[in-house]
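The values are calculated or read from the model by the stated rules, or taken from the named source; none is laboratory data. Worth saying up front: this structure is predicted, and the values here are computed from it rather than measured. Neighbour counts are summed over all protein chains in view; Cβ atoms, including those assigned to glycine, are modelled from backbone coordinates with ideal geometry. Note: areas computed on protein heavy atoms with side chains; ligands, DNA, RNA excluded. Shrake-Rupley method; radii C 1.70, N 1.55, O 1.52, S 1.80 Å.
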Amino acid sequence: MDVFFTQHSLLAVVILTIAAVTLLVCPVRLAKSMAAGAGTLACAVATLPAIFAPSSETLPVVLVCTIAALASMLLLPSDLERDDDAVESTSLILLGAAGGIVLATTTNLLSMMLGLETLSLSAAVLTALGRGPRALEASFKFFVLGAVSVATMVYGMALITCATGSLDLGAPLPVTDLERHLRTAGLVLLVLGIAFELAIVPMQFGALGAYTVAPTAVAGFAMTTSKLAAGLAMLKVANVAGGEVLHPILVALGTLSILWATFAALAQVELRAMLAYSAVAHAGFLTFGIGLGEVGRQAAVFYAVTYVAAVALVFASLAGRSGAPITLASLRAQPLDRLRSAGLALGLLSLAGVPPSPGFWAKLGVLVPGWSAAGPWWTILATTGGVLGALYYLRPLPDLLAGARDAATTSTAAVPGSRFAVTVLASVVLLLTAMPFLATQLAAITNR
């Protein structure tokens, strides 16, 4: 079926876009707190159609809007090069969320490309608005590599359209051998374009700088929204159109991403850099699950949900530390307050996959079917990367807990709403720890 959006996705995109444009053209300049409130309200309104009429689009719409609301609330003017860029930053977050929803929910190739471009451009400009020259450099790299990935995606779309006569992923298979080869080549190029947003090897380099030096709220927004939206888009491409052609490629790319990122993260002494490389490893697990075919669909969605919850908790706990480097030793010398320290520790334990955290169940859900679907060797390599990955997540915990022990019991957080965000997100992670089947049910609804 040649459709651009479903009804719920379209309503959410329209609401977010109207709110973003309104903030930009508003004749009265809004204060940061007012802009953040307007952005949070727009995100809340955008989720209503999906919540009251549940469907397969409910999960991506609700999660993307929630992430955008958190980013709007936690972004400080002090994180930006100029304080008066706060309103523009909120507008870009809303536009990026709209692009993420389109990318996650559409089956139309043109819509998918527009969604990816909107999300990546918003993330690039938001990174450039950060404080310091490193932000500009990271933004430029992200923009250039994003342009290359979109060009690759457009070439793939052209080949698929030439072979099938349609821009829809579910178009009937071509008849002649030439058309089938054109479609296969187009699908590979399409996957490489989406791989940039997902940040898997070999398209990961543009995202690393943005994840490391962007303002904390922006980095959390980019890491979570891109993994969720691009992961769901990759899932549709592989299972609706790719079939046997793409699954082995995705398993190989996922395993390579896990191993490369794990050894790179072990060498990091700065927390944000470690989280950036770990994002590539988690994208590898997500891609590995997608490459398993039908048996890995629900596991991949489950993995995306648990990853989003844990990373959102980590970056909410770090809110107020700006885009400046956060060395592991500084967690003892400049400790967070006890609530945020506990939230950061809980998020890191889930990302590490320590039992019985939701991250453990997510990794297990991907690796168990991998033994039969992908073969023992690929699964053993991915498991090795997952086990070694726990080491770099556990490294900051002693200094983090020591700093929390000596910190004041009252919060020193400078970000309004950060305590509320950490409390809510920590409750979500604990709930998924106690009842992981909730995320499984959400994944099942999304796969309908």
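Which value results when the Cα radius of gyration for the chain is divided by 2.2 N^0.38 Å?
0.92
If I stretch the segment between residue 435 and residue 269 completely, what's the gain in nm (0.36 nm per residue apart, minus their alpha carbon distance), one decimal?
Length difference between fully extended and current span is 56.3 nm.
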With each label point set 7 Å from Cα along the Cα-Cβ vector, what nm distance links residue 25 and residue 294? 4.9 nm
Taking the alpha-carbon centre of each part, the distance from the range 35-51 to the range 62-87 in Å is 14 Å
Charge dipole (debye, nearest 20) of the chain; +1 at Cβ of Lys and Arg, -1 at Cβ of Asp and Glu: 820 debye
Keeping the other protein chains in place, figure out the carbon and sulfur percent of the accessible area of the chain, with a 1.4 Å probe. 73 percent
Relative contact order for the chain using alpha-carbon pairs under 8 Å, separation at least 6, rounded to a whole percent? 15 percent
Between 333, 138, 222, where does the largest GNM mean-square fluctuation fall for the chain, given springs only between Cα atoms within less than 10 Å? 333
Would you look at the GNM of the chain, springs on alpha carbons closer than 10 Å, and say which of 284, 353, 96 moves the most? 353
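What accessible area per residue, rounded to a whole number of Å², is obtained for the range 332-404 using a probe radius of 1.4 Å? Could the numbers behind the result be given before it?
Numbers: 3080 Å² over 73 residues.
Dividing the accessible area of the range 332-404 by its residue count gives 42 Å².
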Using alpha-carbon positions, what is the distance between the centroids of the range 256-329 and the range 356-398, in Å? 12 Å
